[in-house]
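The values are calculated or read from the model by the stated rules, or taken from the named source; none is laboratory data. The shown structure was predicted, so the numbers you read here are calculated from the model rather than taken from an experiment. Note: ideal-geometry Cβ built from the backbone for every residue, glycine included; neighbour counts use all protein chains shown.
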């Protein structure tokens, strides 16, 4: 499969969850990142991608409103502050997690949590 067609499938909101799951194992982080932000990606696949080595993939899991709440909770401990910052803006993130992020050691994360309008 060509990279261009994989990119198109990963970004297409009508791509089946099964195909997105297959694409989530692609060696190209850009393909995995696109799968992570796709609204049709299954909860199981999002849970797997939340552990990806690339921060951009985890970041797209953090902003996806369909990511399971327990996975969002786990991302609140992510090593990358941008992942945590964007997690604070996700309206699906539990309020308890947003409160936790409001006490983060990184100013940008705290700012995102407080500016989310939820606390």
(message) If a residue must be surrounded by fewer than 23 Cβ atoms within 10 Å (Cβ to Cβ) and either in contact (Cβ under 8 Å) with a residue 40 or more places away in the chain or not in a helix (DSSP H, G or I) (or both), how many such residues does the stretch 83-100 contain?
(response) 4
(message) If the requirement is being more than 11 Å from the chain's Cα centre (by Cα), over 30 Å from residue 103 (Cβ atoms) and either at pLDDT 95 or above or surrounded by 15 or more Cβ atoms within 10 Å (Cβ to Cβ) (or both), which of these qualifies: 18, 2?
(response) 18
(request) Of the numbered conditions (1) in contact (Cβ under 8 Å) with a residue 12 or more places away in the chain; (2) in contact with a helix residue (DSSP H, G or I) (Cβ under 8 Å, 6 or more places away or on another chain), residue 65 fails exactly one; give the number of that condition. (result) (2)
(request) Return yes when residue 57 is modelled with pLDDT of 95 or more and either over 16 Å from residue 97 (Cβ atoms) or crowded, with 16+ Cβ neighbours inside 10 Å (or both) and no when it is not. (result) yes
(message) Anything in the stretch 21-42 that is surrounded by 14 or more Cβ atoms within 10 Å (Cβ to Cβ) and either part of a helix (DSSP H, G or I) or without any contact (Cβ under 8 Å) to a residue 12 or more places away in the chain (or both)? List them, or say none.
(response) 21, 22, 23, 29, 30, 31, 32, 33, 34, 35, 36, 37
